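**Q** Dropping a structure here in structure tokens format, bear with me for questions.
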Amino acid sequence: MAELERSLAVGERQWLLFAHVFSALGEVSERDVILGAMRIYGRQIATRETEGASLHLFEVTRAPGSVRHLRLTPEDMRDPERLRELLGR
């Protein structure tokens, strides 16, 4: 994802082309992971799909440096003090 984040600029458009989709049995595909991450930084404008490939156009609305990623555990969710610490409040 670091390579992708370096290419993002607010107000610009980003094309993503997937020539094949790999996913281990029972796991989420790489394409789905990357598209999910892109939806954090912008909105999808268009998609074109064919057998074995897809092309996606995004408009970037958030700079990568402005988005915080948190990994919350169930324990974190039950502890209001820990949540405040993680959220910087």
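**Q** Within region 38-56, can you find the residues that are in contact with a Leu (Cβ under 9 Å, 6 or more places away or on another chain) and either within 16 Å of Val10 (Cβ to Cβ) or of a type outside the set (A, V, I, L, M, F, W, C) (or both)?
**A** Result: Met38, Tyr41, Gly42, Gln44, Ile45, Thr47, Arg48, Glu49, Ser54, His56.
**Q** Taking region 3-48, which residues are out of contact with any helix residue (DSSP H, G or I) (no Cβ under 7 Å at 6 or more places or on another chain), acidic (Asp, Glu) and surrounded by 10 or more Cβ atoms within 10 Å (Cβ to Cβ)?
**A** Those that are out of contact with any helix residue (DSSP H, G or I) (no Cβ under 7 Å at 6 or more places or on another chain), acidic (Asp, Glu) and surrounded by 10 or more Cβ atoms within 10 Å (Cβ to Cβ): Glu12, Glu27, Glu30, Asp32.
**Q** Cβ contacts < 7 Å: first residue touching a residue at least 24 places away in the same chain (Cβ under 8 Å), restricted to region 32-51; second residue surrounded by 15 or more Cβ atoms within 10 Å (Cβ to Cβ) and assigned to a helix (DSSP H, G or I), any location; separation 6+ or different chain. Result?
**A** Tyr41/Pro64
**Q** Residue pairs, Cβ under 7 Å, 6 or more apart or interchain, first in region 1-21 and farther than 14 Å from Met38 by Cβ, second in a strand (DSSP E or B). List them.
**A** Gly11/Val60; Ala19/Ala53
**Q** Name the one entry in Val10, Val67, Val21 that is in contact with a strand residue (DSSP E or B) (Cβ under 9 Å, 6 or more places away or on another chain) and at pLDDT below 85.
**A** Val21
The values are calculated or read from the model by the stated rules, or taken from the named source; none is laboratory data. All values derive from a computational prediction rather than experimental measurement. Cβ atoms come from the backbone with ideal geometry, glycine included; neighbour counts cover every protein chain shown.
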